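The values are calculated or read from the model by the stated rules, or taken from the named source; none is laboratory data. What you see is a predicted model, and the numbers here were worked out from it, not measured in a lab. Cβ coordinates were reconstructed from backbone atoms using ideal geometry, including for glycine residues, and neighbour counts include every protein chain displayed. For accessibility, only protein heavy atoms count, side chains too; no ligands or nucleic acids. Shrake-Rupley method; radii C 1.70, N 1.55, O 1.52, S 1.80 Å.
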Amino acid sequence: MVSGHNRRHMLEMLVKSVDLTFSCSIVETELDSAASQATDSEASSSSTTDSDEGANANELMKQIIGRHICVESALASPKNNGVDTSGSKRKRRIAGDPLIAEGDLVLDHIDISGEISSERIQEAELAKLKSHGLTLIRHFHRTREGRYLTEAISTLQKAVKLAPRGHADLPPTLSQLGILYTDSFERTGNVSDIDQAVSAGQKGVALTPNGSRYLPARLSSLGNSFLKRYERTGRPSDIEEAISTQRKALTLLPRGHELESAILNNLGNSLVLCSGSGGDPSTKLDEGISALRRAVKLTPEGDPELPMRLSNLGNALRYRFLQTGNPVDITEAISAQQRAITLTPEGHSSLPTLLHNLGTSSSCRFDRTGQLTDINEGIETQRKAIDLIPKGHPDLPLRLADFALSYKNRFFISGNPSDLDNAIAKLQQAIKLMPPGHTGLTTMLHNLGQCFSRRFDHTKSAADIAEAVSAQREVVKLTLKGDPRLPGRLSNLATSLLQRSHWSRDISGIDEAISLQREAMNLTPEGHVTLPNLHENLAILYKARYSLTGTTGDLKMTMSQYKASACHPLGHPRKKLEGSKSWAKFLHLVDPKSPDIVLAFDTALGLVAVVAGLEQTVQGRYNLLQNASGLALEAAAVACVRAKPDKALEWLEQGRCLVWGQLNHLRTPLDDLREHDEALGQTVQEVSKRLEHAGTSRGLSQNGMSIPEKLALENEALDHLNLARQWEALLKTVRAIPRFRTFLMPSPCLDLLEHLPDAKLGYVVVINVDERRCDAIVLRAGWGRPFHIPLPNFSFETAKKYRDVLRDHLRSRNLLVRGGEDATNMKRGIRPYLGGKDGEDPLRRVLRGLWNEVVHPILQRLRISRMKPSSRKLPRRIWWCPTGPLSFLPLHAAGIYARGASSESVLDYVVSSYTPSVTALTDRVKKHGSINRTAAGLFLTSQPNPNVRGYSPIPGTTKEVQSIYAMVIESKGRAILREGDELTVNECLEHMKNFSSIHLACHGSQNANVPLQSRFIFHAGPLELSTILKSNLTNADLAFLSACQTSAGEETLPDEAVHLAAGMLAAGYQRVVASMWSIGDKPALQVANDFYKYLLSQRRDSVLTGHSFDGALSAHALHYSIQELRSRLEDPDSDTSLLTWVPFVHFGY
């Protein structure tokens, strides 16, 4: 839905960050610099002053009124005439004000004797008022107490009234009065104050002659007042006046003047705010950001204005991010605002504003990244800001409103009703505190209506939807025609009307909603970033009416509006992805043979790669991909309906295992490119390495981090974004070369078929499991196209049921971590299963179903016959590539396990392996044989007693690795063994680089929430998957992971292969032996021994000689060792026996 959130940041919050002391500092600086150049008679007479106090008074008045006037010399006659010039001026104590009494000079009274003119008396009184005014101003800036500000305004008003027309002191005094009124408005929100500020500033500027060196500062102060009034009233003429006066001020100022940065700051804020109220974002917004950048650059370190100017720049960048979705802008915004806070001492009056701006930016980035750390950080920072705001402060309502929006945004991810309740409560509080007529009031009502609308989705409360419609109608009524926020507000009212119509089944509400939505689109200019959202909203409305009427016209409008949304060149990728998914799914539902359906799924899957792009961390990509889960499967199902298995395969490869595919692209061999262009190839390699490192190692903000630590993370994020941009530019450069036009693009089906394993080895079977149908797509080298096998007896729901049954069964048997004893020994806490009502345990029931409904039909269609036990030929292989919930099920063990001749399983027909994707397998076929012969060998380690809570001792690992090591050494193989405390994590990584194969006998830990933190548990600490991925394992061949659950994936990401086995493939290993659930020490030892015995006995002397070690036959070796284990078990087909051998699996080539 279209949200007012994007617009309100500029209209209600941006200028809140304008520095409170900015304008005063301009005037003081202007007057200081001007005073030294004064040539009038009053200035030149200052040298006659005898009193130090008199000199101080002159200096004070110089700062406030802009002219170097000496009171004593102005009053004294040549004979002194009774004026005290001895330096013994009396000080007056102001009641309750020790600060003034103790430290500052206030002229007490003028003792007039002898003949003196009335003009001189008036001048003396004027000087006295100005001196007193300056003292009050200084105390206000020191204490921020309003009483000083109020008295200062009153004092300068008297000075203005006292000064005769044409008096030289009127322009600076009026200008200063305008500044004070602006300060007062900042504190009270009283519109009359900002009106007085504009009036006084205009008079001061009008009385300042053209060519005066003071005119730029006075113009800028006036522009700032116009800016503040625009923020309050929304009057377009005010923002135009603000820009006009700031531009004029900058034009009149000499280049390099000390006021340049301050004027640029105000001009930048005005331009950015104007772009948010209907200006051209491509000009005024960019010009405003450019001005703010210059302001920051010209402000020296240590300048008290620097923090607020950094924060202003951050606000502007945040606003551009909301318009364009460019992640560089929001990252730079957060970095600038974090730096602003580091430069601001605790207790400073501007700290609440700085904190609020940072919190708002963090919340905005959440819209792009979906990272909970961003929204949580935003909420916590905004909370701190609100806690620091004094009660009754005029900024409080606006801060509360932004705080509410952060809660609303978090609700979309958390689903926690308390977040939405908090949002509503805070908005209601903000509305109560907002003064009548404030331009921000309608925005608050608008957002309140949205919150009620969202809550209605969950509560179905008539009161909530009534509140939503009522609030949004009022907002539309209050929004002026021509206001750029009107289309979004009309669209959100339409959405609430649709909700009410669904609830009440009243079609008239949908008719009104469609009319409002069309009006919103008509009011939105071409090229506006929100158009894709508006098209999608209109599609949803027509779809709703179509569901009630069934009219062809509504159906056509639904499809055309979805298409317009998905194919629009602008818009935020995440929102466009949602629109394109809706378009594709709707076509699949109502017209699966539509010619547009291919374009719809192509568009959606293309946007998935954009949303989860390389500028994100790997973990961030996984989070974003959860919203696209199942999309590729649905696309493949549509292709199968259209008898296009080749297209189905391409879509599956494009939309699955995206993160591993990206890592693989970054590691693509570049020999051909280097041969064509050595320098370009080298640059691509360097950037790819840095980009991979950034994606796998960049940290995220955590609770308790200091601001400098967070700032360092933001700088890393900015570097990461720039690397991603550089990578995209390099890809364009490479693809512009005809020979490399498809460089790192998704592989077409023909390319995949070209690099399959040799036909003699076997088949690749991709099984697509969609909610509407299930299909197998079989590939074999030499076939011109994929072979399609429908699976009508299997379904998505069946796969989910089998997955849940197996998971519950494993949980009941306590098969969570590797135990210290044999899995057949129930003493270690694995409870026996007593059997179901039908006498068949859950695991056997699942394996029987997989055999009857999936595996056996495929074997039959491929005419694969049962292997003869006496045959000496290597059995054929099948590389299974399951999708969806089938990814969690043991296809390699599918079969009927019953006593007697009726038992049969996949083990009787083929050797099974798994591959996360077809591309993962074809890449290994291309790489086969490229391992350095000198690295061939086996590195082994056991970690039997990790001192980590929750992990039991596994003493059997010691015997396991010692037995294997002895076997390899006896066969003249190259091997090294390191156990327990002998091995550090870094030493392990070095051995992994120096040996082609590894055997890790230890505990494994799968982290479902942060996959890259999945780890192997060593005595010396954890070896994380992220650490392995950062290593350059160029000679990696075989990884035997004798640890538990190393191929257990994550149910929310079934098609991303989020487990240790796939991670080891991504790290470069050609093949991996892993486990689906817990394994016992004794069977682990037996399987490992038989595995290596087979490998060592089958070494091909023509290829591997001497100390070489090769894992090419690892799949056959695992098949053999499992058969050997089964033969040792007392009842190989019992539930306990199946739980013992089924978890062992093979991945890769």
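State yes or no: is Ala1043 modelled with pLDDT of 90 or more and in contact with a strand residue (DSSP E or B) (Cβ under 9 Å, 6 or more places away or on another chain)?
On the way: modelled with pLDDT of 90 or more: no; in contact with a strand residue (DSSP E or B) (Cβ under 9 Å, 6 or more places away or on another chain): yes.
When the stated conditions are applied, Ala1043 does not pass them.
Scan the range 213-234 residue by residue and report those that are under 23 Å from Pro397 (Cα atoms) and open to solvent by less than 10 Å² (accessible area, probe 1.4 Å). So that I can check it myself, show each step before the final result.
First pass over the range 213-234, keeping only residues under 23 Å from Pro397 (Cα atoms): 224-234.
Correct list: Asn224, Ser225, Phe226, Leu227, Lys228, Glu231.
Quick check on the range 614-626. Is at least one of its residues more than 23 Å from Val328 (Cα to Cα) and open to solvent by 40 Å² or more (accessible area, probe 1.4 Å)?
Looking only at the range 614-626, we keep the residues that are more than 23 Å from Val328 (Cα to Cα), and these are 626.
With open to solvent by 40 Å² or more (accessible area, probe 1.4 Å) added as a condition, the list becomes 626.
Checked the range 614-626: at least one residue is more than 23 Å from Val328 (Cα to Cα) and open to solvent by 40 Å² or more (accessible area, probe 1.4 Å).
Kindly check whether there is at least one residue in the range 235-245 that is crowded, with 24+ Cβ neighbours inside 10 Å, farther than 18 Å from Asp303 by Cβ, within 36 Å of the chain's Cα centre (by Cα) and of a type in the set (S, T, N, Q).
Within the range 235-245, not a single residue is crowded, with 24+ Cβ neighbours inside 10 Å, farther than 18 Å from Asp303 by Cβ, within 36 Å of the chain's Cα centre (by Cα) and of a type in the set (S, T, N, Q).
Any residue at all in the range 706-715 that is part of a loop (DSSP other than H, G, I, E, B), out of contact with any Ser or Thr (no Cβ under 8 Å at 6 or more places or on another chain) and without any contact (Cβ under 8 Å) to a residue 24 or more places away in the chain? Break it down into steps so the answer makes sense when it comes.
Filtering the range 706-715 down to residues part of a loop (DSSP other than H, G, I, E, B) leaves 706.
Narrowing the set further to residues that are out of contact with any Ser or Thr (no Cβ under 8 Å at 6 or more places or on another chain) leaves 706.
Next cut, without any contact (Cβ under 8 Å) to a residue 24 or more places away in the chain only: 706.
Within the range 706-715, one or more residues are part of a loop (DSSP other than H, G, I, E, B), out of contact with any Ser or Thr (no Cβ under 8 Å at 6 or more places or on another chain) and without any contact (Cβ under 8 Å) to a residue 24 or more places away in the chain.
Go through (1) modelled with pLDDT of 90 or more; (2) out of contact with any helix residue (DSSP H, G or I) (no Cβ under 6 Å at 6 or more places or on another chain) and name the single condition Tyr1094 misses.
(2)
Among the residues of the range 546-584, which ones are open to solvent by 50 Å² or more (accessible area, probe 1.4 Å), basic (Lys, Arg) and modelled with pLDDT of 90 or more?
Those that are open to solvent by 50 Å² or more (accessible area, probe 1.4 Å), basic (Lys, Arg) and modelled with pLDDT of 90 or more: Lys556, Lys563.
Name the single residue that is nearest to Lys760 (Cα to Cα) among those in the range 908-939 being aromatic (Phe, Trp, Tyr) and open to solvent by less than 20 Å² (accessible area, probe 1.4 Å).
First pass over the range 908-939, keeping only residues aromatic (Phe, Trp, Tyr): 909, 914, 939.
Checking which are open to solvent by less than 20 Å² (accessible area, probe 1.4 Å) leaves us with 914, 939.
Details: Tyr914: 18, Phe939: 31 Å.
Residue satisfying both the conditions and the ranking: Tyr914.
Take the range 364-393 and flag every residue that is open to solvent by 20 Å² or more (accessible area, probe 1.4 Å) and in contact with a Ser or Thr (Cβ under 6 Å, 6 or more places away or on another chain).
Scanning the range 364-393 gives Thr373, Glu377.
Being open to solvent by 10 Å² or more (accessible area, probe 1.4 Å), in contact with a Lys or Arg (Cβ under 8 Å, 6 or more places away or on another chain) and in contact (Cβ under 8 Å) with a residue 60 or more places away in the chain is the filter here; which residues of the range 883-896 pass it?
Here is the first cut: in the range 883-896, the ones open to solvent by 10 Å² or more (accessible area, probe 1.4 Å) are 887-888, 892, 896.
This time we only want the ones that are in contact with a Lys or Arg (Cβ under 8 Å, 6 or more places away or on another chain), so: 888, 896.
Selection gives Phe888 alone.
Has the range 647-655 got at least one residue that is surrounded by fewer than 23 Cβ atoms within 10 Å (Cβ to Cβ), of a type in the set (D, E, K, R) and in a helix (DSSP H, G or I)?
Among the residues of the range 647-655, at least one is surrounded by fewer than 23 Cβ atoms within 10 Å (Cβ to Cβ), of a type in the set (D, E, K, R) and in a helix (DSSP H, G or I), which makes the answer yes.
Within the range 140-157, count every residue that is of a type in the set (A, V, I, L, M) and on the phi > 0 side of the Ramachandran plot. So that I can check it myself, show each step before the final result.
Of the range 140-157, the ones of a type in the set (A, V, I, L, M) are 149, 152-153, 156.
Going one step further and asking which of them are on the phi > 0 side of the Ramachandran plot, we end up with none.
Total satisfying the criteria: 0.
Take the residues in the range 231-255 that are in contact (Cβ under 8 Å) with a residue 60 or more places away in the chain and not charged (D, E, K, R), then tell me which one is nearest to Asp169 (Cα to Cα). Full working, then the answer.
Step one: of the range 231-255, the residues in contact (Cβ under 8 Å) with a residue 60 or more places away in the chain are 231-234.
Then drop every residue that is not not charged (D, E, K, R), which leaves 233-234.
Values: Thr233: 32, Gly234: 33 Å.
Out of the qualifying residues, it is Thr233.
Using beta carbons and a limit of 7 Å, which pairs, at least six apart or on different chains, have the first residue in the range 602-627 and hydroxyl-bearing (Ser, Thr, Tyr) and modelled with pLDDT under 85 and the second one assigned to a helix (DSSP H, G or I) and surrounded by 22 or more Cβ atoms within 10 Å (Cβ to Cβ)?
Thr617/Gly695; Tyr622/Val659; Tyr622/Pro1011
Looking at the range 737-749, which of the residues that are in contact with a helix residue (DSSP H, G or I) (Cβ under 8 Å, 6 or more places away or on another chain) and part of a helix (DSSP H, G or I) is most open to solvent (accessible area, probe 1.4 Å)?
Result: Arg739.
Keeping to the range 1024-1079, report how many residues are free of Cβ contacts under 8 Å to residues at least 60 places away in the same chain, among the polar types (S, T, N, Q) and surrounded by fewer than 24 Cβ atoms within 10 Å (Cβ to Cβ).
Final tally of qualifying residues: 3.
Hey, can you tell me all the residues within the range 325-355 that are touching a Pro at 6+ places or on another chain (Cβ under 8 Å) and within 27 Å of Pro525 (Cα to Cα)?
Gly325, the sole residue that qualifies.
Residues that are outside any helix (DSSP H, G or I), free of Cβ contacts under 8 Å to residues at least 60 places away in the same chain and open to solvent by 10 Å² or more (accessible area, probe 1.4 Å): does the range 199-207 have at least one? Working first, answer last.
Narrowing the range 199-207 to residues outside any helix (DSSP H, G or I): 207.
This time we only want the ones that are free of Cβ contacts under 8 Å to residues at least 60 places away in the same chain, so: 207.
From the residues that got through so far, the ones that are open to solvent by 10 Å² or more (accessible area, probe 1.4 Å) too are 207.
The answer is yes; a qualifying residue exists.
If you take just the helices (runs of 4 or more DSSP H) that sit entirely in the range 476-577, which of them hold at least 3 residues that are in contact (Cβ under 8 Å) with a residue 60 or more places away in the chain?
Working: elements: 486-504, 507-523, 531-549, 552-566.
Ranges flagged: 486-504, 531-549.
If we scan the range 851-860, do we find a residue that is of a type in the set (Asp, Glu), in contact with a strand residue (DSSP E or B) (Cβ under 8 Å, 6 or more places away or on another chain), touching a residue at least 40 places away in the same chain (Cβ under 8 Å) and under 30 Å from Asp1135 (Cα atoms)?
Our first condition is that a residue be of a type in the set (Asp, Glu); within the range 851-860, this holds for 853.
Checking the rest, the ones that are also in contact with a strand residue (DSSP E or B) (Cβ under 8 Å, 6 or more places away or on another chain) come to none.
No, because not a single residue in the range 851-860 is of a type in the set (Asp, Glu), in contact with a strand residue (DSSP E or B) (Cβ under 8 Å, 6 or more places away or on another chain), touching a residue at least 40 places away in the same chain (Cβ under 8 Å) and under 30 Å from Asp1135 (Cα atoms).
All but one of (1) more than 29 Å from the chain's Cα centre (by Cα); (2) closer than 21 Å to Phe888 by Cβ; (3) of a type in the set (A, V, I, L, M, F, W, C) hold for Ala1062; state the number of the condition that does not hold.
(1)
When the range 228-256 is examined, which residues are found to be under 30 Å from Lys481 (Cβ atoms) and not in a helix (DSSP H, G or I)? Walk me through it before giving the result.
Taking the range 228-256 and keeping what is under 30 Å from Lys481 (Cβ atoms), we get 228-247.
Correct list: Gly234, Arg235.
So which residues in the range 497-543 are basic (Lys, Arg) and surrounded by fewer than 16 Cβ atoms within 10 Å (Cβ to Cβ)?
Here is the first cut: in the range 497-543, the residues basic (Lys, Arg) are 500, 505, 518, 543.
The answer is Arg505, Arg518.
Please go through the range 1097-1122 and pick out each residue that is modelled with pLDDT under 95 and either closer than 13 Å to Leu938 by Cβ or among the polar types (S, T, N, Q) (or both).
Answer for the range 1097-1122, where residues must be modelled with pLDDT under 95 and either closer than 13 Å to Leu938 by Cβ or among the polar types (S, T, N, Q) (or both): Ser1097, Gln1098, Arg1099, Ser1102, Leu1104, Thr1105, His1107, Ser1108, Phe1109, Asp1110, Gly1111.
Residues Cys1002, Cys988: which one is of a type outside the set (S, T, N, Q) and in contact with a Leu (Cβ under 7 Å, 6 or more places away or on another chain)? Talk me through it step by step, then tell me what you get.
Details: Cys1002 fails: in contact with a Leu (Cβ under 7 Å, 6 or more places away or on another chain).
Of Cys1002, Cys988, the one residue that is of a type outside the set (S, T, N, Q) and in contact with a Leu (Cβ under 7 Å, 6 or more places away or on another chain) is Cys988.
Here are some conditions: (1) surrounded by 24 or more Cβ atoms within 10 Å (Cβ to Cβ); (2) touching a residue at least 40 places away in the same chain (Cβ under 8 Å); (3) of a type outside the set (S, T, N, Q); (4) out of contact with any Asp or Glu (no Cβ under 6 Å at 6 or more places or on another chain). Leu355 meets all but one. Which one does it not meet?
For Leu355, the exception is condition (2).
Hey, can you tell me all the residues within the range 968-983 that are out of contact with any strand residue (DSSP E or B) (no Cβ under 8 Å at 6 or more places or on another chain) and either surrounded by 15 or more Cβ atoms within 10 Å (Cβ to Cβ) or over 23 Å from Leu1025 (Cα atoms) (or both)?
Just the residues of the range 968-983 that are out of contact with any strand residue (DSSP E or B) (no Cβ under 8 Å at 6 or more places or on another chain), to begin with: 970-972, 981-982.
The answer is Glu970, Ser971, Lys972.
Just checking, does the range 950-958 include any residue being under 30 Å from Leu670 (Cβ atoms) and touching a strand residue (DSSP E or B) at 6+ places or on another chain (Cβ under 8 Å)?
Step one: of the range 950-958, the residues under 30 Å from Leu670 (Cβ atoms) are none.
No; the residues of the range 950-958 include none that is under 30 Å from Leu670 (Cβ atoms) and touching a strand residue (DSSP E or B) at 6+ places or on another chain (Cβ under 8 Å).
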